[in-house]
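To start, the structure under review is shown below, and the notes come after it.
The values are calculated or read from the model by the stated rules, or taken from the named source; none is laboratory data. Note that the structure is a prediction, hence the values are computed from the model and not measured. Methodologically, a virtual Cβ is constructed for each residue, glycine included, from the backbone with ideal geometry; neighbour enumeration extends over all protein chains shown.
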Amino acid sequence: MRKNSGGLLVQKATHSIDILNWIVNSRAKNVYGEGGLAVFGGKESNTKTCSKCSKKKVCPEALINKRISWDYGVSGFTMEVDDKCVFAKEIDVYDHEVLTINYENNTKAFFIESQFTPDYKREFWFIGDKGRMYGIDPYIVSEKDRRKLYIEIVYRHTRKKEIIPVKLAPGGHGGGDPSLIEDFISCCISRKKPLADGETGRESIAICAGGEKSIETKRIINIR
């Protein structure tokens, strides 16, 4: 429920917004959001579970195996999750959101999050006066579509195109987790400034929380 989590923008999108803020290199002024429930939620009982549902063999959302694997870089790591019905009355967490973010350096960004897309991936497009940069993470829905993580740069005037392969380091989140731990320990020992401090975290949370509020109120929300 949104009152417990703040919504999926706050819970999940902050990771992507962190990257967006880093590339844009500016603070957000305001955010406007559109979204809601297009697929999930409904009229089913809040106590209904997939394992005891008569429609579990035909429902495309049925969770047959409650023990699932996660992509946190730990081989063979699984955990058991609840199999409560995604069409229950109590569900109010938005299943799609579209944000328009205005930054202090006049950059404008559009962020789209969908919880019912067939893909499991994160993509970024950055367009400027000198060209376009595209990046994609390695999570693709099809087992046969094992594209690697890469960055593509296309230049505006020359039509020159570069493909830059990106290697993932060992550890969770493509090596991101060990790097964060290493940076934290280094800061504790040397008292240097962290790569991402509390203010950095505040910026992404403010955008996502503001986006959730904007969807609810249908107003532009000022971040500053």
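May I ask you to verify whether residue 47 is over 23 Å from the mean Cα position of the chain (by Cα) and outside any strand (DSSP E or B)? Yes, satisfied. The residues listed here are 86, 141, 154; of these, the one that is modelled with pLDDT under 85, more than 15 Å from the chain's Cα centre (by Cα) and at negative phi is 141. Find the residue count for the stretch 35-56, including only residues that are without any contact (Cβ under 8 Å) to a residue 40 or more places away in the chain and at positive phi. Total meeting the criteria: 0.
Cβ separations smaller than 6 Å between residues 6+ apart or across chains give the following pairs from the stretch 81-103 residues that are farther than 28 Å from residue 56 by Cα to residues that are polar (S, T, N, Q) and in a loop (DSSP other than H, G, I, E, B): 103/26.
Residues satisfying the criterion are present in the stretch 26-34 (criterion: assigned to a loop (DSSP other than H, G, I, E, B) and either at negative phi or assigned by TED's automatic domain parsing to the domain that holds residue 170 (or both)). The condition of being under 25 Å from residue 176 (Cα atoms) and in the same structural domain as residue 134 (by TED's automatic domain parsing) does not hold for residue 101. The listed residues are 68, 64, and the only one of them that is under 30 Å from residue 17 (Cα atoms) and not assigned by TED's automatic domain parsing to the domain that holds residue 208 turns out to be 68. Taking residue 65 as the residue in question, decide whether it is of a type in the set (S, T, N, Q), under 29 Å from residue 174 (Cβ atoms), free of Cβ contacts under 8 Å to residues at least 12 places away in the same chain and in a loop (DSSP other than H, G, I, E, B). Spelling it out, residue 65 is indeed of a type in the set (S, T, N, Q), under 29 Å from residue 174 (Cβ atoms), free of Cβ contacts under 8 Å to residues at least 12 places away in the same chain and in a loop (DSSP other than H, G, I, E, B).
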